[in-house]
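What follows is calculated from the coordinates using simple rules that are stated; it is not laboratory data. Given the structure is predicted, the values throughout are model-derived calculations rather than measurements. Using ideal geometry, Cβ is built from the backbone for each residue, glycine included, and neighbour counts are taken over all protein chains shown.
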Amino acid sequence: MQTTVVNKFLLISIDCWRYDALSRTNPLFNTPKFDLLTQDFSLAEKFFVAAPATRPSHTSYFTGLYPFEHGVYGQTYLKMFEGIPNLFQIFDDAGYHITGRSERPEVFRFLDFEKFITPLDPSAHAQHLGSLEDVIQNLTQPSETPQFCFLHFWYTHGGYGMSGIPGAPSLKTLVDRGSTDEALRFYYAAVTHILEFKLVELLKQLRLSEWAVFIFGDHGEGICEEIIAHGDTLNQNVLHVPLLAHIPGVMNLKFPNPPISAIDLFPTIVNLAGINADYHGYGQNLLVPSESEIDENRLVLSELDSLYGIGFLSRSNLEMPHHRVTSRTTVDNTEISRYAEGVRLWSLTNGEHLYREDEQTGEFVYRHVLCGEDLPCEDPEHFRNAYDDILMNSNYQHLQAQESTAEETEILEGRLRDLGYVE
Ligand SMILES: [Zn+2]
């Protein structure tokens, strides 16, 4: 099936884009121009993000690794483990013209790929009021120029463009009083704006016969009783997102039947580009769909770690100089504040059902992905064993040794020396 080597890649991330915010999955969605432009794009129906927050999720997209492997366990882990290849660096090294633009570039601060992502409109003060002309000009390179481009839209994030509107309701209030449909109308309107205006204006500028395009959510949005936004628990509305893909020369790309994960894009993209990235993660190349390639019983993992909350990520903290961030969780060698209500959760899904467990309490839920209904779980051990297997068999376990600070390492080495283990 994989016949051509592609040298133009466009990745579009729509923040908080959940599975039902698309006309193909929701007849209420009115996006005729977007639908026409993307009519030959394939929709993955069982696609899940690796984390329910912007920083860890994008890090998984760009590295092909689960959060426990790349080190950004949650939104407020400041850095990745060191030495992990990311798509921007790989394509930059391969001589590609790189474009990375975001409506909220500072959210990627301190991550390895930060330097590749700049404001969508460099001359706009408020990004959602900016123009697309600069990025379009940047995308319009000579045909022979290899290109790797990432665009990140933030307008769909909490607030949904409602701030400043007198009397704008809180979506939580609407959901609490049983008016979830009304809450969804505001959220859907923000997504419609991105799809039907911004993406349409961008996509129609491109010669799509040359471009591999992937459009996805970095996580969804709850807008339900269990969760309104996204970062507090592993909810099906948050983890199940759309993936639309278009590959030049591949008609009717068929996604595999087992569930697929955000970490699958990395091997898919580097393989499509013909680049050897020395990748040993759990991600699967989606363009080798002979059924044997992906285990029919595959379970894909999502992780949430909110032990440091999100309070740290204020504008002023995000602007601090790099040297002050002394480890993944320390600034000036002092651990950042913990969040009293922080949790560590993991979930596994086969695409139809989701098992979620709290790592600290062992409490679990088992539910249907599409309808959200909770079900009795016959065999939690099955999922616990599968989770253990993923942790134990990771080829990136050695990176977790970086967890320890220089000081801790020194203490440990001192102890070992005292015990006679090292010279
Ligand atoms: Zn996000």
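Among Trp154, Trp346, sorting on how many other beta-carbon atoms sit within 10 Å of each Cβ, with the fewest leading, yields Trp154, Trp346. Across the chain, the relative contact order, built from alpha-carbon pairs under 8 Å that are at least six residues apart, equals 24 percent. In terms of its C-alpha gyration tensor, the chain comes out rounded, because the ratio a/c of the largest to the smallest axis stays below 1.5.
Taking every alpha-carbon pair within segment 1-135, the share separated by more than 25 Å comes to 39 percent.
Residues in segment 202-213 carry Karplus couplings, in order, of 6, 5, 6, 7, 9, 7, 5, 5, 9, 10, 8, 10 Hz; the curve used is 6.51 cos²θ - 1.76 cosθ + 1.60 with θ = phi - 60°, and Gly or Pro positions show x. Close amide H contacts of Met80 (hydrogens built in the peptide plane, cut-off under 5 Å, sequence separation of 5 or more or a different chain): Asp112.
Computed from phi, the 3J(HN,Hα) profile of segment 335-351 under the Karplus parametrisation 6.51, -1.76, 1.60 (θ = phi - 60°) reads 4, 5, 5, 7, 9, 4, 9, x, 9, 10, 10, 9, 9, 10, 9, 9, x Hz, with x in place of Gly and Pro. When you filter the trypsin sites (Lys or Arg not before Pro) in segment 294-388 for DSSP loop state and at most 13 other Cβ atoms inside 10 Å of their Cβ, you are left with Arg338. Only DSSP H runs of four or more residues enter the estimate; each adds -39500 (n - 2.57), and after division by the residues of the chain the mean residue ellipticity at 222 nm equals -6500 deg cm²/dmol. Reported to the nearest whole Å, the Cα centre-to-centre distance from segment 31-66 to segment 212-231 is 10. In order along segment 127-134, phi translates into HN-Hα couplings of 4, 6, 9, x, 9, 8, 5, 5 Hz, rounded to whole numbers, per the Karplus curve 6.51 cos²θ - 1.76 cosθ + 1.60 with θ = phi - 60° and x for Gly and Pro. Note on the chain: GNM, Cα springs under 10 Å; of Val213, Val250, Val270, the largest mean-square fluctuation is that of Val250. For Phe216, the shell of other residues with beta-carbons less than 12 Å away shows a net charge of -2, using +1 for Lys and Arg and -1 for Asp and Glu.
The alpha-carbon of Lys204 sits under 16 angstrom from the alpha-carbons of these lysines, leaving out residues fewer than 8 places away in its chain: Lys8, Lys33. Residues whose amide H lies under 5 Å from that of Ala94, counting only those 5 or more places away or on a different chain, are absent; hydrogens are built 1.01 Å from N in the peptide plane. A cut-off under 12 angstrom between Cβ atoms defines the neighbours of Leu234, and their net charge, with Lys, Arg +1 and Asp, Glu -1, is -4.
Of all lysines in the structure, those lying under 28 Å Cα to Cα from Lys79, and not within fewer than 8 positions of it along the same chain, are Lys115.
Residues whose amide H lies under 5 Å from that of Ile12, counting only those 5 or more places away or on a different chain, are Leu151, Phe214, Ile215, Phe216; hydrogens are built 1.01 Å from N in the peptide plane.
Under 10 Å, Cα contacts only: if you run a Gaussian network model on the chain, which one of Asn252, Asn235, Asn350 comes out with the highest mean-square fluctuation? Among Asn252, Asn235, Asn350, the largest mean-square fluctuation in the Gaussian network model of the chain belongs to Asn252. Direction-averaged projected area, Cα convex hull, segment 74-167: 7.9 nm², rounded to one decimal.
By other beta-carbon atoms within 10 Å, ranking Asp92, Asp181, Asp112 with the fewest at the front produces Asp181, Asp92, Asp112. Across the options His382, Leu313, Leu129, the greatest Cα extent toward the positive end of the charge dipole of the chain (unit charges at beta carbon of Lys, Arg, Asp, Glu) belongs to Leu129. When the chain is modelled as a GNM with alpha-carbon springs shorter than 10 Å, which of Pro259, Pro169, Pro248 fluctuates the most? Ranking Pro259, Pro169, Pro248 by mean-square fluctuation puts Pro169 first.
Antiparallel beta bridges, as assigned by DSSP with both residues in segment 8-293, represent about 30 percent of the total such bridges. Give me the net charge of Val175's neighbourhood, meaning all other residues with Cβ under 11 Å from the Cβ of Val175; Lys, Arg count +1, Asp, Glu -1. The answer is -3.
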